[in-house]
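Chemist: I'd like to ask you about the structure that follows.
The values are calculated or read from the model by the stated rules, or taken from the named source; none is laboratory data. Just so you know, these numbers come straight off a predicted model, no measurement behind them. Please note: Cβ atoms are built from the backbone with ideal geometry, for glycine as well, and neighbour counts cover all protein chains shown. Note: areas computed on protein heavy atoms with side chains; ligands, DNA, RNA excluded. Shrake-Rupley method; radii C 1.70, N 1.55, O 1.52, S 1.80 Å.
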Amino acid sequence: PDESTTCEAVYTTTQADVDAGRIVNAAVVTGEPPSGPPVIGGDTEVVAAIHEPGVELHKTAFPAEYGAAGERITYTYTVTNTGNVTLQGITVADDRLGAVPCLTAQLAPGESTTCAALYTTTQADVDAGQVVNAATATGEPPSGPPVTDDGTATVTATHEAGIEVEKEAFPAEYAAVGERITYAYTVTNAGNVTLRNVAVHDDRLGTVRCPATVL
């Protein structure tokens, strides 16, 4: 009577325990008196888990440069669970490409998944000199709000400006004063970027009017 004894047992937590947020377990103690049935007692203990969810997004682009409209850029998004709980509903949203498909929608702590998307350059992208776009990765922990991380990639345009003019005269010959010679100037944008304020100047005729000033 009134004596106590201490018993010990060791339990090793699992990822499911961390995700669950707590461990609840009950113990039952029995003892046999000198006479009569055994006596029974019990107690329950709750151990809380500390949730530290986290996600990381790493974004890369290939190739690193482009030089024309219609080129394809492949974006790769690596999403990593940097927390201590399992993340569900893994998604990646790109501000240019929208929702990006990923290989898996669930990540255990330390796991990563890869997502990929393609972008086709436009002439506006070439003129702008670069394509900059941002993406956001989102994951849902067992409790609390979703966790997010952002990643940005910049792909640079190679500018190679050029212009050519081909000049023709009609007729090709003349024989008297007062004959009219018509000159035609064909101006071609020989580079990879849009040219503005296109103008032709002739050493005899001065400024030559062109129907288009943007090529």
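Chemist: Which residues, counting only those in the range 14-38, are β-branched (V, I, T) and either open to solvent by 90 Å² or more (accessible area, probe 1.4 Å) or farther than 17 Å from V85 by Cβ (or both)?
Modeler: Listed by number, the residues that qualify are V24, V28, V29, T30.
Chemist: Is there a residue in the range 44-65 that is at pLDDT 95 or above, under 30 Å from V28 (Cα atoms), among the hydroxyl-bearing types (S, T, Y) and open to solvent by 30 Å² or more (accessible area, probe 1.4 Å)?
Modeler: Checked against the condition, which is being at pLDDT 95 or above, under 30 Å from V28 (Cα atoms), among the hydroxyl-bearing types (S, T, Y) and open to solvent by 30 Å² or more (accessible area, probe 1.4 Å), the range 44-65 yields at least one hit.
Chemist: Let me ask another. Which count do you get for residues in the range 15-47 that are under 30 Å from A108 (Cα atoms) and not acidic (D, E)? If you could, list the steps in order and put the result at the bottom.
Modeler: Step one: of the range 15-47, the residues under 30 Å from A108 (Cα atoms) are 15-26, 44-47.
Applying the additional criterion that residues be not acidic (D, E) yields 15-16, 18, 20-26, 44, 46-47.
Count: 13.
Chemist: So which residues in the range 1-35 are part of a strand (DSSP E or B) and farther than 30 Å from P142 by Cα?
Modeler: V28, V29, T30, G31
Chemist: Moving to a separate point now. Can you find a residue that is under 22 Å from A64 (Cβ atoms), in contact (Cβ under 8 Å) with a residue 60 or more places away in the chain and either surrounded by fewer than 19 Cβ atoms within 10 Å (Cβ to Cβ) or of a type in the set (D, E) (or both) anywhere in the range 102-112?
Modeler: no
Chemist: Then there is this: Which one is farthest from G98 (Cα to Cα) among residues in the range 68-84 that are of a type in the set (G, A, S) and open to solvent by 20 Å² or more (accessible area, probe 1.4 Å)?
Modeler: Going residue by residue through the range 68-84, those that are of a type in the set (G, A, S) are 68-70, 83.
Next cut, open to solvent by 20 Å² or more (accessible area, probe 1.4 Å) only: 68-70.
On the way: A68: 23, A69: 21, G70: 19 Å.
So, considering only residues that are of a type in the set (G, A, S) and open to solvent by 20 Å² or more (accessible area, probe 1.4 Å), the one farthest from G98 (Cα to Cα) is A68.
Chemist: Condition first: open to solvent by 40 Å² or more (accessible area, probe 1.4 Å), modelled with pLDDT of 95 or more and over 18 Å from the mean Cα position of the chain (by Cα). Can you find one or more residues in the range 86-101 that meet it?
Modeler: yes
Chemist: What are the residues in the range 121-131 that are among the polar types (S, T, N, Q) and open to solvent by 30 Å² or more (accessible area, probe 1.4 Å), if any?
Modeler: T122, Q123, Q130
Chemist: Given (1) hydrophobic (A, V, I, L, M, F, W, C); (2) open to solvent by 60 Å² or more (accessible area, probe 1.4 Å); (3) at pLDDT 95 or above; (4) under 30 Å from T13 (Cα atoms), where does L118 come up short, assuming only one miss?
Modeler: (4)
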